[in-house]
Amino acid sequence: MTSVQHISDDELAEIYTFAVQLGKDAGAILMNFARARWSDQGDGEQVITEKDSSVDIVTKADEDVEAFIKSAIEKKYPTHKFLGEESYSKGASRDYLIGAEPTWCVDPLDGTVNYTHLFPMFCVSIGFIVGGQAVIGVIYAPFTAQLFSSCRGRGAWLNETQRLPLIQNQPLPPNAPQGCVLSVEWGKDRKDKADGNLHRKVDSFLTMAAEPAGRCGRGGMVHGVRSLGSATLDLAYVAMGAFDIWWEGGCWEWDVAAGIAIVQEAGGLVTTANPPEDTHDAPIEDVRLGSRLYLAIRPAGPSPATGESARQSQERVVREVWRRVRHLDYSRPGA
């Protein structure tokens, strides 16, 4: 597999600077679309096209912003591969398309449903991948003016000035998932069938939220459950430390590439959502981009209460989550 060293530090720094500015410019275009909508005062009709379901939609903003980003990248880096949500969605294949070559993985508007309702949690997401690993991430939420960014070896940042996480070296709760904020999403698979993904997700939500004695003694008693409607921003908030745990299945690589880069650079852990048969001793490996199954744990410091290192405490929380969640079925060719 091609390694990150095939792109020099100077080249990576230049690409990062370009990606940050591209995210800002794309976010400004996206915000102009949003302003035009409320300026219509109800007289204009937002053009929405369904993809796979009524909650899987695309707008003109998605398509125009992706076209802008793609054009800018092709002009600056003509040899790099481009993978965007809208161009991918128009094809018949659902194969995993990221290889070893330098690849831009872009979601021009993550949180499209939020955008159509003018709920502020929508963003531009730009990931840069080398050797199958996300090494640069840029997430810009123009409505809230939050810019999350990272570059391998250069740290993760909020608005280019505040290092992530916001509270450095904060230990994870010793009795996690108690004391944690859990981030989840309902997803686009809404099939109401017994033991389908929707039912398994809801069952897992209940177990994580229930009192410790509930759910046959497996209740997680998390502090709170949050759903932003944007996987990309879920990951950004994990990197920031606002969310302790994010558990999700069904996302595509453009939903998570930038966010994974930022979480990992901030010191967080990202592994698979699906619990192994042996939740106690199974190895905890970094997630494979494109797996569609993700569990993220926020950056942490050593735990004086348990004597654990940061990584040990993160792995403990992974195992406690695995004990309480259901196996999800999101397969795809080539992943």
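Please treat every number below as a calculation from the coordinates, not as lab data. Everything numeric in this text was worked out from a predicted model, so none of it was measured. When we count neighbours, we look across all protein chains shown, and the Cβ atoms used for this are built from the backbone with ideal geometry, even at glycine.
Taking GluC sites (Glu not before Pro) as exposed when their DSSP state is a loop state and no more than 13 other Cβ atoms lie within 10 Å, the longest site-free interval of the chain runs over 161-276. Report the net charge of residues surrounding residue 70, where surrounding means a beta-carbon distance below 12 angstrom and charges are Lys +1, Arg +1, Asp -1, Glu -1. Result for the neighbourhood of residue 70: -3.
Say R0 is 35 Å: what FRET efficiency, to the nearest 0.05, do residue 286 and residue 144 get from their beta-carbon distance? Could you put the intermediate results ahead of the total?
On the way: r = 29 Å, r/R0 = 0.83.
Efficiency, from the Cβ-Cβ distance: 0.75.
About its Cα centre, what dipole magnitude does the chain give when the only charges are +1 on Lys and Arg Cβ and -1 on Asp and Glu Cβ, stated in debye to the nearest 20?
Details: 33 positive and 44 negative charges, 119 e Å.
For this selection, approximately 580 debye.
If each DSSP helix of 4+ residues adds -39,500 (n - 2.57) and the sum is divided by the residues in the chain, what number results at 222 nm, nearest 500 deg cm²/dmol? List each step's numbers first, then the result.
Numbers: 9 runs with 112 residues, N = 335.
The helix contribution divided over the chain gives -10500 deg cm²/dmol.
Put a dot 7 Å past the Cα of residue 200, heading toward its Cβ, do the same for residue 95, and the two dots end up 2.6 nm apart.
Between the listed residues 213, 121, 103, the Cα displaced farthest toward the positive end of the dipole of the chain, a dipole computed from Cβ unit charges relative to the Cα centre, is found at 213. For residue 8 and residue 175, a Förster radius of 56 Å and the Cβ-Cβ distance give a FRET efficiency of 0.75, rounded to the nearest 0.05. For region 113-192, trypsin sites (Lys or Arg not before Pro) meeting the loop criterion (DSSP other than H, G, I, E, B) and having at most 10 other Cβ atoms within 10 Å: 191.
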